[in-house]
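Student: Have a look at this one before I ask anything.
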Ligand code: KG4
Ligand code: ZN
């Protein structure tokens, strides 16, 4: 069975083809990624300092069909071979979601093939199943993206229990907003992480909100305020000392490293607490912040001490992509928890809990 996946929930248009191979001697064979294509809108949104929803939707319209053609060409498969068209149904920007859903449902109707709406976060959550070292159920999942930060117990495809989540900003948001305060371009997360490599994580004392709250919730809004206050203090001191507020290179890398250390410590400690509170020895990390090297190194070190295995998606599949949407559809169909439909009414769900 060939599944086409379309992702358009925010600022990336992604298209992918995944093949479901079925069973071999009683074992379910893992779905295989045949080809995928991605277009990032980062450059287009950069002058505005964030995603402009109307521009995002228009760009998805421009990109989706050329990316679909490129994906089919790469996989050397004609469109008629597609059995199911999967699309991100939510959560995300309503207009952006409508483009992917509209394209998917139009294709489904034209090909007389069923469609399947997929939850964007389920795509992230299951994306490590496309890696060379896929996890096994059950596991604890740390889902860290630009819009969500959650710890979950995952027992099987479709069986997810939220153990804790952010009560305000997401981890990716904390990276991006702090980066903005340091004067970095949107989306600042990856740039802040790059600068942090050269900085001293202990240079500035920043809070670790809710670290000792006794539950598995996160909070990053206070950290952002602390970064704002610290940056202001450093700038005031610069004015007093040299008559110029501009942050020096050393100050920027140290602020970046201190901010990253605070975010990562919260994510690592709460993940370890979630694992300790369960009898599970497996952690899956997914979502854009899962690409963060300091997070990966800290989790690897702490989990190795406790004989816990950690699984990540391939680096390029941490951020939004079509492959995770096609894969999530494939796994849901294989597990019998979703049935594609010929209802082509493409209702999207901009707000949708997993
Ligand atoms: O999962 P994703 O692509 O989109 C959402 O579903 O939100 O995550 C994007 C988020 C952004 O906030 C971005 O700054 C962050 O992931 N991100 C990173 C890194 N790469 C992406 N944050 C820290 N370090 C990185 N290397
Ligand atoms: Zn995402």
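Values quoted throughout were computed directly from the atomic coordinates according to the rules given, and no laboratory measurement underlies them. This one's a predicted model, so the numbers in the text were calculated from it and none came from an experiment. A quick note on method: Cβ atoms are made from the backbone with ideal geometry, for glycine too, and the neighbour counts reach across all protein chains shown.
Student: Computed FRET efficiency, Cβ-Cβ of residue 211 and residue 73, R0 51 Å: what is it to the nearest 0.05? Could you put the intermediate results ahead of the total?
Tutor: Details: r = 50 Å, r/R0 = 0.98.
Computed FRET efficiency for residue 211 and residue 73: 0.55.
Student: Also, I was wondering about something else. Of the peptides 158-164, 112-118, how do they stack up when ordered by the mean number of other Cβ atoms within 10 Å, highest first?
Tutor: Packing order, densest peptide first, comes out as 112-118, 158-164.
Student: Still on this structure: May I ask you to compute the full-extension gain from residue 279 to residue 136, defined as 0.36 nm times their residue separation minus their alpha-carbon distance, rounded to one decimal in nm?
Tutor: Numbers: separation 143, 0.36 × 143 = 51.48 nm, distance 1.45 nm.
Full-extension gain reported as 50.0 nm.
Student: Based on alpha-carbon centroids, what's the gap between region 249-273 and region 279-354 in Å, whole number please?
Tutor: 23
Student: Follow-up. Taking the Cα atoms of region 72-154, what is the range of coordinates along each of the three principal axes, in descending order and whole Å?
Tutor: 40, 32, 20
Student: For the chain, I need the span (max minus min coordinate) of the C-alpha atoms along each principal axis, in Å, sorted largest to smallest.
Tutor: Reported extents, whole Å, longest axis first: 71, 47, 31.
Student: What does a probe at residue 27 reach in region 122-151, counting residues whose amide N is under 11 Å from the point 7 Å along Cα→Cβ?
Tutor: No residue passes the distance filter.
Student: How far apart, in nm, are two points set 7 Å out from the Cα along the Cα-to-Cβ line at residue 345 and at residue 43?
Tutor: Result for the modelled spin labels: 4.1 nm.
Student: When the chain is modelled as a GNM with alpha-carbon springs shorter than 10 Å, which of 343, 320, 169 fluctuates the most?
Tutor: Residue with maximal mean-square fluctuation among 343, 320, 169: 343.
Student: Mind jotting down the three principal axis lengths of region 100-191 based on Cα atoms? Whole angstrom, largest first.
Tutor: Projected onto the principal axes, the Cα atoms of region 100-191 cover 52, 33, 30 Å.
Student: What share of all Cα pairs of region 1-55, in percent, falls into each consecutive 5 Å distance bin?
Tutor: Once binned at 5 Å, the Cα pair distances of region 1-55 give 4, 17, 19, 14, 12, 10, 9, 6, 4, 3, 1.
Student: Another one. Given the Cα-Cα distance of residue 110 and residue 80 and 0.36 nm per residue of separation, how much length would full extension add, in nm?
Tutor: Between residue 110 and residue 80, full extension yields 9.8 nm more.
Student: Let me ask you something else. Taking only the C-alpha atoms, wrap a convex hull around region 136-312 and report its volume per residue in Å³ as a whole number.
Tutor: Taking only Cα atoms, region 136-312 has a hull volume of 102 Å³ per residue.
Student: Right, another one. Taking all pairs of different Cα atoms in region 290-347, averaging 1/r and flipping that mean, what Kirkwood radius in angstroms comes out?
Tutor: For region 290-347, the Kirkwood estimate is 14.3 Å.
Student: Mind pulling the angle between the C-alpha long axis of helix 53-75 and the longest principal axis of the chain? Nearest 10 degrees, somewhere in 0 to 90.
Tutor: 50
Student: Alpha carbons only, please: Rg and Dmax for region 1-155, in angstrom.
Tutor: When restricted to the Cα atoms of region 1-155, Rg and Dmax are 16.2, 55 Å.
Student: Please list 123-129, 287-293 highest first by mean number of surrounding beta-carbon atoms within 10 Å per residue.
Tutor: Output ranking for 123-129, 287-293: 123-129, 287-293.
Student: Can you tell me which of 240, 221, 56 moves the most in a GNM of the chain? Springs connect C-alpha atoms under 10 Å apart.
Tutor: Fluctuation is largest for 240.
Student: Now, a different point. Pop a pseudo-label 7 angstrom from the Cα along the beta-carbon direction at both residue 65 and residue 198 and give the gap in nm to one decimal.
Tutor: 4.6
Student: Between residue 221 and residue 337, take the C-beta separation as r, use R0 = 35 Å, and let me know the FRET efficiency to the nearest 0.05.
Tutor: 0.50
Student: If R0 is 35 Å, what FRET efficiency do you get for residue 55 and residue 244 from their C-beta distance, rounded to 0.05?
Tutor: On the way: r = 36 Å, r/R0 = 1.01.
It comes to 0.50.
Student: How long are the semi-axes of the equivalent ellipsoid of region 245-354, taking √(5λ) for every eigenvalue λ of the Cα gyration tensor, in whole Å from largest down?
Tutor: Semi-axes, largest first: 34, 22, 12 Å.
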